[in-house]
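What follows is a short report on a single structure.
The values are calculated or read from the model by the stated rules, or taken from the named source; none is laboratory data. Please read these numbers as outputs of a predicted model, since none were measured by experiment. FYI the Cβ positions are ideal-geometry reconstructions off the backbone, even for glycines, and counts take in every protein chain you see.
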Amino acid sequence: MDSANQRGRRPLLEFDFENSIGYAICTTSHAMRRALQSELSKIGMTLRQWEVLACLACEEGFSQAEMADYLGIEPPTLAGVLRRMERDGWLAREACCDDRRRNRITPTAKAEAIWKQSGEMCHQIRQQATGGLSEAQLDALKSTCQQIRLNLAAAGHAGAMAPCLDSVPQANSVPQANGVPQANGTIPAPVVESVAAIS
């Protein structure tokens, strides 16, 4: 079917996509995620399963509720993913030492093996995606993304910070200059480097 523009009339829903930083970031992320999903399917892994392991690579010991919030998905959806991963021997649940009613989710040795395979795929996609870009350009991109996260965190938006990349600021503790939150000039290395390649 022809688009509205091809039919000689303007679309009803207008937006300045060419000026949208969010649209540029989201479409780029979507392209990288699709590329990763294509590669992960070769080892029998889904993108959602990869996200669970990436979450645990940043910080082990999430509860199911904490992980659902971190990944931004509904708890029932995550529950099904976790059940399958537990059934396949990728995850284990342990009672939390300070709250026996709370279970911590931990990866197994089997998960570690497949995580290493997926990491190689992440690095391959990273190389494809960053071809022709200099180290200076990549550093500038990372710093710009961090600044955007800091701006959103300072504006009170929950979940703006990236746990593997940012030191989560305490209330009113984000350094500012002329009222603008400032990045610290460095981006801490992630626990697992491949998380940064796709997230």
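Assuming residue 111 fulfils every condition listed in (1) at pLDDT below 95; (2) in contact with a Gly (Cβ under 9 Å, 6 or more places away or on another chain) apart from one, which condition is it?
If we test residue 111 against (1) at pLDDT below 95; (2) in contact with a Gly (Cβ under 9 Å, 6 or more places away or on another chain), just (1) comes out false.
Return the residues of region 25-44 that are of a type outside the set (A, V, I, L, M, F, W, C) and assigned to a helix (DSSP H, G or I); say none if nothing qualifies.
27, 28, 29, 30, 33, 34, 37, 38, 39, 41, 42 - these are the residues of region 25-44 that are of a type outside the set (A, V, I, L, M, F, W, C) and assigned to a helix (DSSP H, G or I).
Working carefully through the options 82, 78, 71, 91, find the one that is under 16 Å from residue 60 (Cβ atoms), out of contact with any strand residue (DSSP E or B) (no Cβ under 7 Å at 6 or more places or on another chain) and touching a residue at least 12 places away in the same chain (Cβ under 8 Å). Steps first, answer last, please.
Working: 82 fails: out of contact with any strand residue (DSSP E or B) (no Cβ under 7 Å at 6 or more places or on another chain); 78 fails: under 16 Å from residue 60 (Cβ atoms); 91 fails: out of contact with any strand residue (DSSP E or B) (no Cβ under 7 Å at 6 or more places or on another chain).
It is 71.
Specify the residue that is surrounded by the most Cβ atoms within 10 Å (Cβ to Cβ); the eligible residues are those in region 106-153 that are assigned to a helix (DSSP H, G or I) and hydroxyl-bearing (Ser, Thr, Tyr).
118
I'd like to verify a number: residues in region 45-73 that are more than 14 Å from residue 33 (Cβ to Cβ), part of a helix (DSSP H, G or I) and of a type in the set (Asp, Glu), how many?
2
Of the numbered conditions (1) at pLDDT below 90; (2) over 29 Å from residue 160 (Cβ atoms), residue 96 fails exactly one; give the number of that condition.
Of everything listed in (1) at pLDDT below 90; (2) over 29 Å from residue 160 (Cβ atoms), residue 96 misses just condition (2).
If I filter region 25-45 for residues that are modelled with pLDDT of 90 or more, among the polar types (S, T, N, Q) and under 29 Å from residue 93 (Cβ atoms), do I get at least one hit? Reasoning before the result, please.
Initially, region 25-45 is screened for residues modelled with pLDDT of 90 or more, giving 25-45.
Now narrow it down to the ones that are among the polar types (S, T, N, Q): 27-29, 37-38, 41.
Those still in the list that are under 29 Å from residue 93 (Cβ atoms) too: 37, 41.
Yes, the conditions are met somewhere in region 25-45.
Identify the residue in region 44-76 that is polar (S, T, N, Q) and within 20 Å of residue 30 (Cα to Cα) and, among all such residues, is surrounded by the most Cβ atoms within 10 Å (Cβ to Cβ).
For region 44-76, the residue satisfying everything is 49.
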